[in-house]
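Worksheet for the structure shown next.
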Amino acid sequence: MVNILILGAASPTSQTLYKSLPRSGNHCVYCLAQTPERARPLGVISIPGDLFNNAKIQEGIEAHSINVVVGVVGALAFPLQALLAELKRLGRARLATASDAGKEITKLGFIYCSGIGVTRDSNKPDEDIFPIGLPNSRKPPAQRISWLPKFEQDVVDVSDVLAVMVMRSALVYGYAHPNWSRFFKPISKAVRSGATSVSLPAEPHSRPGLVHAIDVASGLHAAIDKLASVSRNHLYPVFDLVTSQESMRDISESAAKELGFKGKVKLVGVGDDRMAKAMCTSINGSSARARLILGWEPKKIGFVQGMDIYAKAHAASRSYQLTFLSWLLA
Ligand SMILES: NC(=O)c1ccc[n+]([C@@H]2O[C@H](COP(=O)([O-])OP(=O)(O)OC[C@H]3O[C@@H](n4cnc5c(N)ncnc54)[C@H](OP(=O)(O)O)[C@@H]3O)[C@@H](O)[C@H]2O)c1
(Lines give C-alpha, C1' and ligand atoms only; values in the text may rest on other atoms or scores of the structure.)
Protein backbone atom coordinates (compact mmCIF):
# COMPACT_ATOMS: atom_id res chain seq x y z
CA MET A 1 0.00 0.00 0.00
CA VAL A 2 1.38 3.39 -1.04
CA ASN A 3 0.38 6.33 1.18
CA ILE A 4 -0.29 9.53 -0.75
CA LEU A 5 -0.73 13.06 0.58
CA ILE A 6 -2.44 15.46 -1.82
CA LEU A 7 -1.89 19.17 -1.30
CA GLY A 8 -4.72 21.15 -2.93
CA ALA A 9 -8.02 19.77 -1.75
CA ALA A 10 -10.75 21.00 -3.98
CA SER A 11 -9.58 21.56 -7.57
CA PRO A 12 -11.50 19.43 -10.14
CA THR A 13 -8.24 17.57 -10.84
CA SER A 14 -7.54 16.58 -7.24
CA GLN A 15 -11.17 15.62 -6.70
CA THR A 16 -10.89 13.12 -9.58
CA LEU A 17 -7.61 11.85 -8.17
CA TYR A 18 -9.26 11.17 -4.80
CA LYS A 19 -11.65 8.81 -6.59
CA SER A 20 -9.19 7.01 -8.86
CA LEU A 21 -6.35 6.32 -6.39
CA PRO A 22 -8.32 4.36 -3.75
CA ARG A 23 -10.11 2.46 -6.56
CA SER A 24 -6.78 0.96 -7.65
CA GLY A 25 -6.53 -0.87 -4.32
CA ASN A 26 -2.88 0.11 -4.01
CA HIS A 27 -3.12 3.57 -2.47
CA CYS A 28 -4.23 5.06 0.80
CA VAL A 29 -5.05 8.73 0.20
CA TYR A 30 -4.81 11.68 2.56
CA CYS A 31 -5.49 15.33 1.80
CA LEU A 32 -4.40 18.60 3.30
CA ALA A 33 -7.54 20.71 3.74
CA GLN A 34 -7.84 24.22 5.06
CA THR A 35 -11.19 23.50 6.69
CA PRO A 36 -13.13 20.32 7.61
CA GLU A 37 -15.95 21.49 5.32
CA ARG A 38 -13.55 21.42 2.36
CA ALA A 39 -12.45 17.87 3.15
CA ARG A 40 -15.81 16.30 4.04
CA PRO A 41 -17.11 15.66 0.48
CA LEU A 42 -13.77 14.24 -0.67
CA GLY A 43 -14.17 10.93 1.15
CA VAL A 44 -10.50 10.61 2.13
CA ILE A 45 -8.69 11.13 5.43
CA SER A 46 -7.92 14.80 5.87
CA ILE A 47 -5.02 16.49 7.57
CA PRO A 48 -6.27 19.88 8.70
CA GLY A 49 -3.81 22.52 7.62
CA ASP A 50 -2.57 25.24 5.36
CA LEU A 51 0.18 24.97 2.76
CA PHE A 52 2.17 27.51 4.74
CA ASN A 53 2.01 25.44 7.94
CA ASN A 54 5.05 23.22 7.52
CA ALA A 55 4.72 21.77 11.02
CA LYS A 56 1.25 20.36 10.18
CA ILE A 57 2.45 18.94 6.86
CA GLN A 58 5.49 17.33 8.48
CA GLU A 59 3.30 15.90 11.27
CA GLY A 60 0.93 14.43 8.67
CA ILE A 61 3.76 12.89 6.64
CA GLU A 62 5.29 11.26 9.71
CA ALA A 63 2.02 10.15 11.35
CA HIS A 64 0.70 8.49 8.20
CA SER A 65 4.02 7.23 6.79
CA ILE A 66 3.43 9.15 3.57
CA ASN A 67 5.38 7.81 0.58
CA VAL A 68 4.45 10.41 -2.03
CA VAL A 69 3.36 14.05 -1.68
CA VAL A 70 1.47 15.48 -4.66
CA GLY A 71 1.15 19.27 -5.11
CA VAL A 72 -2.02 20.19 -7.05
CA VAL A 73 -2.04 23.93 -6.38
CA GLY A 74 -1.16 26.68 -8.86
CA ALA A 75 2.51 27.75 -8.61
CA LEU A 76 1.68 31.32 -7.54
CA ALA A 77 0.04 30.01 -4.36
CA PHE A 78 2.53 27.20 -3.72
CA PRO A 79 5.31 27.82 -1.15
CA LEU A 80 7.78 25.59 -3.00
CA GLN A 81 11.07 26.47 -1.33
CA ALA A 82 9.79 26.01 2.23
CA LEU A 83 8.07 22.78 1.34
CA LEU A 84 11.07 21.36 -0.55
CA ALA A 85 13.33 22.17 2.42
CA GLU A 86 11.00 20.25 4.74
CA LEU A 87 10.61 17.29 2.37
CA LYS A 88 14.38 17.13 1.84
CA ARG A 89 14.93 17.06 5.62
CA LEU A 90 12.40 14.23 6.04
CA GLY A 91 13.67 12.36 2.97
CA ARG A 92 17.29 12.59 4.09
CA ALA A 93 16.40 11.31 7.57
CA ARG A 94 14.54 8.30 6.09
CA LEU A 95 17.49 7.44 3.82
CA ALA A 96 19.98 7.78 6.69
CA THR A 97 17.96 5.55 9.04
CA ALA A 98 17.71 2.87 6.35
CA SER A 99 21.36 3.20 5.42
CA ASP A 100 22.39 2.80 9.10
CA ALA A 101 20.47 -0.47 9.04
CA GLY A 102 22.30 -1.47 5.85
CA LYS A 103 19.18 -1.13 3.68
CA GLU A 104 18.34 0.77 0.52
CA ILE A 105 14.83 2.23 0.39
CA THR A 106 12.65 4.07 -2.11
CA LYS A 107 13.06 7.82 -1.68
CA LEU A 108 10.27 9.97 -0.32
CA GLY A 109 8.35 11.15 -3.40
CA PHE A 110 7.23 14.58 -4.54
CA ILE A 111 5.17 15.25 -7.67
CA TYR A 112 4.20 18.77 -8.68
CA CYS A 113 1.37 19.49 -11.12
CA SER A 114 2.63 22.37 -13.27
CA GLY A 115 1.32 23.75 -16.56
CA ILE A 116 2.54 23.51 -20.17
CA GLY A 117 1.92 27.27 -20.43
CA VAL A 118 5.46 27.46 -18.98
CA THR A 119 6.68 27.73 -22.56
CA ARG A 120 6.24 30.57 -25.08
CA ASP A 121 3.14 30.99 -27.24
CA SER A 122 3.82 29.03 -30.46
CA ASN A 123 2.17 26.65 -32.91
CA LYS A 124 5.46 24.82 -33.54
CA PRO A 125 5.56 21.19 -32.32
CA ASP A 126 6.59 21.08 -28.68
CA GLU A 127 8.45 18.52 -26.55
CA ASP A 128 9.14 17.83 -22.88
CA ILE A 129 12.55 16.16 -23.04
CA PHE A 130 14.75 19.17 -22.25
CA PRO A 131 14.60 21.89 -19.55
CA ILE A 132 13.09 25.21 -20.59
CA GLY A 133 15.07 28.42 -20.40
CA LEU A 134 18.64 27.04 -20.64
CA PRO A 135 20.89 28.80 -23.19
CA ASN A 136 20.68 25.75 -25.49
CA SER A 137 16.95 25.01 -24.94
CA ARG A 138 14.72 24.78 -27.97
CA LYS A 139 11.83 26.07 -25.84
CA PRO A 140 11.98 29.66 -24.62
CA PRO A 141 9.99 30.39 -21.43
CA ALA A 142 6.70 32.28 -21.53
CA GLN A 143 7.45 35.90 -20.69
CA ARG A 144 4.49 36.40 -18.35
CA ILE A 145 5.68 33.50 -16.12
CA SER A 146 9.40 33.58 -16.79
CA TRP A 147 10.01 32.40 -13.19
CA LEU A 148 8.18 29.06 -13.71
CA PRO A 149 11.05 27.18 -15.45
CA LYS A 150 13.24 27.83 -12.39
CA PHE A 151 10.40 26.69 -10.11
CA GLU A 152 10.20 23.41 -12.07
CA GLN A 153 13.99 23.07 -12.16
CA ASP A 154 14.13 23.50 -8.36
CA VAL A 155 11.91 20.41 -8.09
CA VAL A 156 14.07 18.42 -10.51
CA ASP A 157 17.24 19.49 -8.67
CA VAL A 158 16.34 17.74 -5.40
CA SER A 159 16.30 14.32 -7.06
CA ASP A 160 19.40 13.29 -5.08
CA VAL A 161 17.24 13.11 -1.92
CA LEU A 162 13.66 12.83 -3.21
CA ALA A 163 11.99 10.91 -6.05
CA VAL A 164 10.53 13.81 -8.04
CA MET A 165 8.35 14.49 -11.05
CA VAL A 166 6.86 17.56 -12.68
CA MET A 167 3.62 16.83 -14.54
CA ARG A 168 2.73 19.73 -16.85
CA SER A 169 -0.97 19.92 -17.48
CA ALA A 170 -2.40 21.66 -20.54
CA LEU A 171 -5.41 23.97 -20.16
CA VAL A 172 -8.02 21.96 -18.23
CA TYR A 173 -11.65 21.47 -19.27
CA GLY A 174 -14.46 19.28 -17.96
CA TYR A 175 -16.74 19.32 -14.92
CA ALA A 176 -17.28 22.81 -13.51
CA HIS A 177 -13.72 23.96 -14.07
CA PRO A 178 -13.62 27.66 -13.15
CA ASN A 179 -11.36 28.37 -16.16
CA TRP A 180 -14.35 28.47 -18.47
CA SER A 181 -16.70 30.69 -16.46
CA ARG A 182 -15.29 33.78 -18.19
CA PHE A 183 -16.58 32.32 -21.50
CA PHE A 184 -19.70 30.33 -20.64
CA LYS A 185 -21.17 32.79 -18.17
CA PRO A 186 -21.36 35.78 -20.57
CA ILE A 187 -22.77 33.51 -23.27
CA SER A 188 -25.50 32.23 -20.90
CA LYS A 189 -26.23 35.81 -19.87
CA ALA A 190 -26.52 36.87 -23.52
CA VAL A 191 -28.96 34.01 -24.17
CA ARG A 192 -31.14 35.11 -21.25
CA SER A 193 -31.09 38.79 -22.21
CA GLY A 194 -31.72 38.17 -25.92
CA ALA A 195 -28.52 40.08 -26.87
CA THR A 196 -27.49 39.95 -30.53
CA SER A 197 -23.75 39.70 -29.79
CA VAL A 198 -21.45 38.62 -26.98
CA SER A 199 -17.84 39.73 -26.37
CA LEU A 200 -15.42 37.18 -24.93
CA PRO A 201 -11.90 37.77 -23.51
CA ALA A 202 -9.94 35.66 -26.02
CA GLU A 203 -7.36 36.13 -28.75
CA PRO A 204 -9.05 35.21 -32.06
CA HIS A 205 -6.08 33.25 -33.44
CA SER A 206 -5.02 31.43 -30.26
CA ARG A 207 -4.92 27.64 -30.21
CA PRO A 208 -4.31 26.37 -26.66
CA GLY A 209 -3.31 22.81 -25.78
CA LEU A 210 -6.10 21.11 -23.81
CA VAL A 211 -6.72 18.18 -21.49
CA HIS A 212 -9.77 16.97 -19.52
CA ALA A 213 -9.57 17.06 -15.69
CA ILE A 214 -10.11 13.28 -15.67
CA ASP A 215 -7.00 12.80 -17.81
CA VAL A 216 -4.83 15.13 -15.70
CA ALA A 217 -5.86 13.01 -12.72
CA SER A 218 -5.05 9.77 -14.55
CA GLY A 219 -1.69 11.32 -15.57
CA LEU A 220 -0.91 12.10 -11.92
CA HIS A 221 -2.05 8.59 -11.00
CA ALA A 222 0.33 7.12 -13.60
CA ALA A 223 3.11 9.40 -12.30
CA ILE A 224 2.61 8.12 -8.74
CA ASP A 225 2.75 4.50 -9.95
CA LYS A 226 5.92 5.04 -12.04
CA LEU A 227 7.69 7.50 -9.74
CA ALA A 228 10.10 5.03 -8.15
CA SER A 229 11.07 3.55 -11.51
CA VAL A 230 11.61 6.95 -13.18
CA SER A 231 13.75 7.99 -10.21
CA ARG A 232 15.76 4.75 -10.10
CA ASN A 233 16.46 4.91 -13.84
CA HIS A 234 17.39 8.62 -13.77
CA LEU A 235 14.86 9.48 -16.51
CA TYR A 236 14.18 13.18 -17.09
CA PRO A 237 11.21 13.55 -14.69
CA VAL A 238 9.13 16.16 -16.56
CA PHE A 239 6.09 15.12 -18.59
CA ASP A 240 3.50 17.08 -20.59
CA LEU A 241 -0.18 16.08 -20.33
CA VAL A 242 -2.03 17.29 -23.42
CA THR A 243 -4.57 15.61 -25.67
CA SER A 244 -5.61 18.21 -28.26
CA GLN A 245 -4.84 21.66 -29.65
CA GLU A 246 -8.03 23.57 -30.48
CA SER A 247 -8.80 27.07 -31.63
CA MET A 248 -10.38 29.52 -29.18
CA ARG A 249 -12.68 30.60 -32.01
CA ASP A 250 -14.03 27.01 -32.42
CA ILE A 251 -14.30 26.57 -28.65
CA SER A 252 -16.24 29.82 -28.19
CA GLU A 253 -18.53 29.38 -31.18
CA SER A 254 -19.35 25.75 -30.40
CA ALA A 255 -20.04 26.64 -26.75
CA ALA A 256 -22.33 29.48 -27.87
CA LYS A 257 -24.20 27.17 -30.22
CA GLU A 258 -24.66 24.48 -27.55
CA LEU A 259 -25.87 27.03 -25.01
CA GLY A 260 -28.48 28.25 -27.49
CA PHE A 261 -26.94 31.60 -28.44
CA LYS A 262 -27.80 32.64 -31.99
CA GLY A 263 -26.03 36.02 -32.17
CA LYS A 264 -22.46 37.01 -33.08
CA VAL A 265 -19.55 35.80 -30.94
CA LYS A 266 -16.79 38.43 -30.77
CA LEU A 267 -13.32 37.52 -29.49
CA VAL A 268 -12.10 40.91 -28.31
CA GLY A 269 -8.63 40.07 -26.96
CA VAL A 270 -7.52 39.38 -23.39
CA GLY A 271 -6.48 42.88 -22.29
CA ASP A 272 -5.09 42.75 -18.74
CA ASP A 273 -6.89 39.54 -17.78
CA ARG A 274 -3.93 37.35 -16.73
CA MET A 275 -5.88 34.11 -16.62
CA ALA A 276 -7.43 34.74 -20.06
CA LYS A 277 -3.92 35.48 -21.35
CA ALA A 278 -2.68 32.14 -19.98
CA MET A 279 -5.68 30.36 -21.50
CA CYS A 280 -4.93 31.90 -24.91
CA THR A 281 -1.35 30.59 -25.07
CA SER A 282 -1.02 28.55 -28.28
CA ILE A 283 0.72 25.26 -27.60
CA ASN A 284 1.20 22.35 -29.97
CA GLY A 285 2.28 19.84 -27.34
CA SER A 286 2.84 16.10 -27.29
CA SER A 287 2.45 13.58 -24.51
CA ALA A 288 4.27 10.78 -26.27
CA ARG A 289 6.71 10.40 -23.34
CA ALA A 290 3.92 10.25 -20.75
CA ARG A 291 2.22 7.55 -22.80
CA LEU A 292 5.39 5.54 -23.42
CA ILE A 293 7.16 5.85 -20.08
CA LEU A 294 4.27 6.27 -17.64
CA GLY A 295 1.70 4.23 -19.57
CA TRP A 296 -0.72 7.19 -19.46
CA GLU A 297 -3.94 6.43 -21.36
CA PRO A 298 -6.07 9.57 -21.69
CA LYS A 299 -9.76 8.93 -22.33
CA LYS A 300 -11.13 12.28 -23.51
CA ILE A 301 -9.73 13.55 -26.76
CA GLY A 302 -11.42 16.84 -27.61
CA PHE A 303 -13.16 19.79 -26.01
CA VAL A 304 -15.12 20.94 -29.11
CA GLN A 305 -15.98 17.34 -29.93
CA GLY A 306 -17.79 16.95 -26.58
CA MET A 307 -19.02 20.53 -26.28
CA ASP A 308 -22.71 19.53 -26.32
CA ILE A 309 -22.09 18.03 -22.87
CA TYR A 310 -19.25 20.23 -21.53
CA ALA A 311 -20.88 23.64 -22.06
CA LYS A 312 -24.28 22.61 -20.71
CA ALA A 313 -22.74 20.71 -17.80
CA HIS A 314 -20.57 23.68 -16.88
CA ALA A 315 -23.51 26.04 -17.05
CA ALA A 316 -25.67 23.67 -15.01
CA SER A 317 -23.10 23.07 -12.30
CA ARG A 318 -22.37 26.79 -12.01
CA SER A 319 -26.17 27.33 -11.96
CA TYR A 320 -26.36 29.43 -15.10
CA GLN A 321 -28.97 26.94 -16.35
CA LEU A 322 -30.01 23.34 -17.00
CA THR A 323 -29.95 20.15 -14.94
CA PHE A 324 -27.77 18.11 -12.64
CA LEU A 325 -27.87 15.23 -15.12
CA SER A 326 -25.57 16.98 -17.56
CA TRP A 327 -22.96 17.52 -14.80
CA LEU A 328 -22.91 13.78 -14.23
CA LEU A 329 -22.34 13.19 -17.93
CA ALA A 330 -19.32 15.52 -18.21
N1 LIG B 1 -6.36 25.52 -14.40
C2 LIG B 1 -5.70 25.03 -15.42
O3 LIG B 1 -6.13 25.02 -16.59
C4 LIG B 1 -4.34 24.47 -15.18
C5 LIG B 1 -3.46 24.39 -16.26
C6 LIG B 1 -2.22 23.86 -16.04
C7 LIG B 1 -1.89 23.37 -14.79
N8 LIG B 1 -2.78 23.43 -13.76
C9 LIG B 1 -2.39 22.88 -12.47
O10 LIG B 1 -3.52 22.19 -11.93
C11 LIG B 1 -3.48 22.30 -10.52
C12 LIG B 1 -4.81 22.81 -10.00
O13 LIG B 1 -4.98 24.14 -10.45
P14 LIG B 1 -6.38 24.85 -10.30
O15 LIG B 1 -6.23 26.16 -10.99
O16 LIG B 1 -7.45 23.91 -10.75
O17 LIG B 1 -6.59 24.98 -8.73
P18 LIG B 1 -6.01 26.09 -7.68
O19 LIG B 1 -6.84 27.31 -7.83
O20 LIG B 1 -4.55 26.25 -7.81
O21 LIG B 1 -6.39 25.45 -6.28
C22 LIG B 1 -6.24 24.09 -5.98
C23 LIG B 1 -6.50 23.86 -4.53
O24 LIG B 1 -5.43 24.44 -3.75
C25 LIG B 1 -5.95 24.74 -2.48
N26 LIG B 1 -5.15 25.79 -1.82
C27 LIG B 1 -4.83 27.01 -2.30
N28 LIG B 1 -4.11 27.68 -1.39
C29 LIG B 1 -3.99 26.85 -0.31
C30 LIG B 1 -3.36 26.96 0.97
N31 LIG B 1 -2.70 28.06 1.33
N32 LIG B 1 -3.42 25.91 1.83
C33 LIG B 1 -4.07 24.78 1.47
N34 LIG B 1 -4.69 24.62 0.28
C35 LIG B 1 -4.65 25.63 -0.59
C36 LIG B 1 -7.35 25.23 -2.74
O37 LIG B 1 -8.09 24.92 -1.58
P38 LIG B 1 -9.41 25.71 -1.20
O39 LIG B 1 -10.41 25.33 -2.24
O40 LIG B 1 -9.71 25.21 0.16
O41 LIG B 1 -9.05 27.18 -1.22
C42 LIG B 1 -7.79 24.42 -3.97
O43 LIG B 1 -8.55 23.32 -3.57
C44 LIG B 1 -2.31 23.19 -10.15
O45 LIG B 1 -1.25 22.35 -9.74
C46 LIG B 1 -1.98 23.92 -11.45
O47 LIG B 1 -0.60 24.20 -11.56
C48 LIG B 1 -3.99 23.99 -13.93
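The values are calculated or read from the model by the stated rules, or taken from the named source; none is laboratory data. Here the structure is a predicted model, which means the values were calculated and not measured. We place every Cβ from the backbone using ideal geometry, glycine too, and count neighbours over all the protein chains shown.
Summary table
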quantity: Identity of the residue in the range 20-55, in contact (Cβ under 8 Å) with a residue 40 or more places away in the chain and within 15 Å of the ligand (Cβ to nearest atom), that ends up surrounded by the most Cβ atoms within 10 Å (Cβ to Cβ); calculated: Ile47
quantity: Criterion violated by Ala313 - all others in (1) modelled with pLDDT of 85 or more; (2) surrounded by fewer than 20 Cβ atoms within 10 Å (Cβ to Cβ); (3) of a type in the set (A, V, I, L, M); (4) assigned to a helix (DSSP H, G or I) satisfied; calculated: (2)
quantity: Only one of Pro141, Pro135, Pro131 that is within 16 Å of the ligand (Cβ to nearest atom) and either surrounded by 14 or more Cβ atoms within 10 Å (Cβ to Cβ) or over 17 Å from the mean Cα position of the chain (by Cα) (or both); calculated: Pro141
quantity: The range 154-185, residues that are part of a loop (DSSP other than H, G, I, E, B) and within 15 Å of the ligand (Cβ to nearest atom); calculated: Ala170, Gly174, Tyr175, Ala176, His177
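Residue-wise test of (1) in contact with a helix residue (DSSP H, G or I) (Cβ under 6 Å, 6 or more places away or on another chain); (2) surrounded by fewer than 19 Cβ atoms within 10 Å (Cβ to Cβ).
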| site | (1), (2) |
| --- | --- |
| Phe184 | yes, no |
| Ala190 | no, no |
| Ala195 | no, yes |
| Leu200 | yes, no |
| Gly209 | yes, no |
| Ala228 | no, yes |
| Val238 | no, no |
| Met248 | no, no |
